[in-house]
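Here's the structure we're looking at; comments come further down.
The values are calculated or read from the model by the stated rules, or taken from the named source; none is laboratory data. Here the structure is a predicted model, which means the values were calculated and not measured. For neighbour counting, all protein chains shown are included, and Cβ atoms are generated from backbone atoms with ideal geometry for every residue, glycine included. Please note that ligands, DNA and RNA were not included when accessible areas were found on the heavy atoms of the full protein model with its side chains. Shrake-Rupley method; radii C 1.70, N 1.55, O 1.52, S 1.80 Å.
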Amino acid sequence: SEEPFTTYFDSKIPIPEDETHSCFSFRKLWAFTGPGFLMSIAYLDPGNIESDLQSGAVAGFKLLWVLLMATVMGLLLQRLAARGGPGGGQGLHLAEVCHRQYQKVPRIILWLMVELAIIGSDMQEVIGSAIAINLLSMGKIPLWGGVLITIADTFVFLFLDKYGLRKLEAFFGFLITIMALTFGYEYITVKPNQEQLLKGLFIPYCQNCGTPQLEQAVGIVGAVIMPHNMYLHSALVKSRQVNRANKKEVREANKYFFIESCIALFVSFIINIFVVTVFAEAFFDKTNADVHEVCANSSSPHSSLFPNNNETLAVDIYKGGAVLGCYFGPAALYIWAIGILAAGQSSTMTGTYSGQFVMEGFLNLRWSRFARVLLTRSIAITPTLFVAIFQDVQHLTGMNDFLNILMSLQLPFALIPVLTFTSLSSVMNDFANGLFWKIGGGAMILLICSINMYFVVDYVRSLDHLGLYIGAALLSVVYLSFVAYLTWLCLIALGVSFLACGKTVSVTR
């Protein structure tokens with residue numbers, strides 16, 4: 001069969017030959033290192049950082065175990081996505097397999113849903129970068145100005161791969177290092193209680209927790225597991241030179257990609273821990289009046305952000321930087337902003353790659369590189385720019401909640417296809433999922449989607465408007481019907497053959 005056209009990578013990283021025939025080689029691990037770290041950036045985007053600091057401020061150290069479990073579930077799902085790249089007999093990534101296996105109408109609907117998820121994620125990432133620029137400029141650069149700067153520098157950074165894929169991956173590694181150093185500085189400055197940290201991490205219990213803490217727990221799961229990241233990771237692993245006809249090479253590639261993903265997500269988990277524990281130690285159970293007084297005494301220009309009342313402190317990434325500056329000095333604020341800028345910039349770039357892979361895979365486009373980048377960037381940037389122009393930097397929390405809901409709704413449109421096609425022997429050949437991964441993967445996806453649906457239902461109930469209830473009910477019928485259709489095809493792929501009713505279903509062609 002004809003080699004699929006390259007979507008992004010002009011060349012592939014060669015894998016060194018075995019010298020000692022050992023079961024593990026650091027040289028080979030280094031050759032396979034790259035895709036997992038680019039994938040892990042989705043676990044460090046501004047949406048995740050905001051979820052981290054809010055869970056720390058609302059629940060203290062009590063939800064660290066939720067973050068740990070969500071990261072482990074994310075790792076297992078990323079393993080499935082990565083196996084689909086080199087493991088599939090055709091070497092297609094997830095979007096390309098969806099194009100080939102699904103029929104036209106479901107394929108287009110699926111593509112639109114995934115594009116919505118990418119747009120929602122991209123808005124959070126670009127706004128996060130713009131907020132960081134606003135903080136670093138002491139408010140002199142407005143939100144829309146930060147968005148324009150982010151658009152411009154993203155275009156520049158996206159062409160770094162012209163100088164080699166390894167240099168591009170090294171640049172992402174540099175941005176992750178900046179995040180580790182900046183958020184690590186905040187961690188060292190605040191000195192969280194280590195005993196409480198370990199207790200929160202390994203004891204799955206939330207004492208005296210109510211609805212706000214439950215909402216934060218659900219939000220952590222929704223923020224960590226991102227739908228577009230499945231499509232991204234399955235495409236990134238194609239950048240390594242693996243002979244798909246050689247089962248030993250494919251098995252080895254899957255092993256090293258999994259090891260690399262473990263390392264990358266461990267690093268991202270540590271960075272997330274830094275953020276949660278800083279806000280848990282310093283700002284858990286604080287009121288607006290407490291923070292207002294400290295900010296006023298330190299002559300901070302941000303004291304007006306916090307009204308002088310006894311309501312519980314509510315923070316986002318903008319207010320989080322301001323409150324750190326009030327308590328720990330201007331250095332804490334600027335270092336926080338640098339970390340947010342690195343998080344926003346890196347995740348914006350990987351979001352653009354996701355958009356390219358998804359659009360080219362689903363639609364089988366063969367465009368020039370510049371046209372691809374321009375279109376995928378414009379789709380996500382246009383609504384972001386409108387939000388930045390008409391919304392104040394201090395009042396973005398409501399929009400962030402809406403975007404989290406939007407991405408939660410799109411999650412089944414990534415997780416169900418991943419499980420479907422990694423379970424099909426016609427796609428994966430000898431590397432199709434076994435019984436353990438079929439049952440375990442299905443149960444895990446059901447759990448994650450149920451948690452996210454709780455988040456969506458809770459959000460809709462909070463709107464408290466009859467017209468919105470009716471609209472949500474009508475949309476739910478259409479949405480659940482399409483999810484049921486994808487689930488039906490998935491169950492057939494998992495071996496529940498009687499559901500096919502004796503007919504040939506498109507997913508098996």
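Listing for the model above:
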read-out	value
Residue check, ASN433 open to solvent by less than 50 Å² (accessible area, probe 1.4 Å), of a type in the set (S, T, N, Q) and either part of a helix (DSSP H, G or I) or touching a Leu at 6+ places or on another chain (Cβ under 7 Å) (or both)	no
Failed item in (1) touching a helix residue (DSSP H, G or I) at 6+ places or on another chain (Cβ under 9 Å); (2) without any contact (Cβ under 8 Å) to a residue 40 or more places away in the chain; (3) closer than 26 Å to ALA59 by Cβ, with PHE159 passing the rest	(3)
Within the range 476-498, tally of residues that are open to solvent by 50 Å² or more (accessible area, probe 1.4 Å), modelled with pLDDT under 85 and not polar (S, T, N, Q)	2
Top-ranked residue in the range 117-152 [being open to solvent by 40 Å² or more (accessible area, probe 1.4 Å) and in a helix (DSSP H, G or I); ranked as farthest from LEU475 (Cα to Cα)]	LEU136
So LYS238, is it touching a Phe, Trp or Tyr at 6+ places or on another chain (Cβ under 8 Å), closer than 27 Å to ALA414 by Cα, in a helix (DSSP H, G or I) and open to solvent by 20 Å² or more (accessible area, probe 1.4 Å)	yes
Test result for LEU63, crowded, with 19+ Cβ neighbours inside 10 Å and modelled with pLDDT of 90 or more	yes
Residues located in the range 199-227, provided they are under 20 Å from SER462 (Cα atoms) and of a type outside the set (A, V, I, L, M, F, W, C)	GLY210, THR211, PRO212, GLN213, GLU215, GLN216, GLY219, GLY222
The lone exception for GLU195 - which of (1) free of Cβ contacts under 8 Å to residues at least 24 places away in the same chain; (2) in contact with a helix residue (DSSP H, G or I) (Cβ under 6 Å, 6 or more places away or on another chain); (3) open to solvent by 20 Å² or more (accessible area, probe 1.4 Å); (4) part of a helix (DSSP H, G or I) it fails	(2)
Counted residues, the range 445-454 - those being open to solvent by less than 40 Å² (accessible area, probe 1.4 Å) and closer than 20 Å to VAL477 by Cβ	2
Matching entry among VAL97, VAL114, VAL156, VAL105 (being assigned to a helix (DSSP H, G or I), open to solvent by less than 20 Å² (accessible area, probe 1.4 Å) and out of contact with any His (no Cβ under 7 Å at 6 or more places or on another chain))	VAL97
Residues being in a helix (DSSP H, G or I) and surrounded by 15 or more Cβ atoms within 10 Å (Cβ to Cβ) - total across the range 295-342	26
